[in-house]
């Protein structure tokens, strides 16, 4: 599994209603995308929740790297970003672990991202183990929908991305805090559809 994110930083006076409408109109197009685990359509709005910028920064979890490649360079969707905003750099990470939380069946309203550097003079194993313990603790929070831990072996950084039912808790360490406009979750949608179509057994 891979994580992917691109950050489109917009002018200070940009009308973020344009992004909100874009997501309302087109966010559903990836709701059933094969190979996609989830896509969180997230924004930061200047002056809201401590953000210094206006930013559109969708975050993806991909189950299939071929599907990710098709999205980026095979005409699978990213060409619309290039058309409207230019060819923005795309960050990607290898997923170390991801967990669903108690709020996994409720549409998340916010998200947090926490990036930490792995010291150059230390074995990263201990740091990753500690981060995994933290991930599991986070996953038990009643407001967590999904949380994921990923590693960037180019910069040797750890990333934790978490989707929350309500506001990001005040004590949650976060490099960035986002508002979630829409969540495409093909894997969960397929699972729920299969469950709803399974005949229930009647008591005898």
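State whether the residues of the stretch 145-162 include one that is modelled with pLDDT of 95 or more and in a helix (DSSP H, G or I). There is no residue in the stretch 145-162 that is modelled with pLDDT of 95 or more and in a helix (DSSP H, G or I). Taking first residues from the stretch 95-106 that are on the phi < 0 side of the Ramachandran plot and surrounded by 14 or more Cβ atoms within 10 Å (Cβ to Cβ) and partners that are assigned to a loop (DSSP other than H, G, I, E, B) and at pLDDT below 95, the Cβ contacts under 6 Å between residues at least 6 apart in sequence or on separate chains come to 95/1.
Just name the residue that is farthest from the chain's Cα centre (by Cα) out of those in the stretch 31-44 that are closer than 17 Å to residue 108 by Cα and surrounded by 17 or more Cβ atoms within 10 Å (Cβ to Cβ).
Among them, the one singled out is 44.
Candidates in the stretch 117-144 are the residues that are outside any helix (DSSP H, G or I) and modelled with pLDDT of 95 or more; of these, the one that is nearest to residue 163 (Cα to Cα) is 144.
The values are calculated or read from the model by the stated rules, or taken from the named source; none is laboratory data. These figures come from a predicted structure and were not determined experimentally. As a convention, Cβ positions derive from the backbone with ideal geometry for all residues, glycine included, and neighbour counts pool all protein chains shown.
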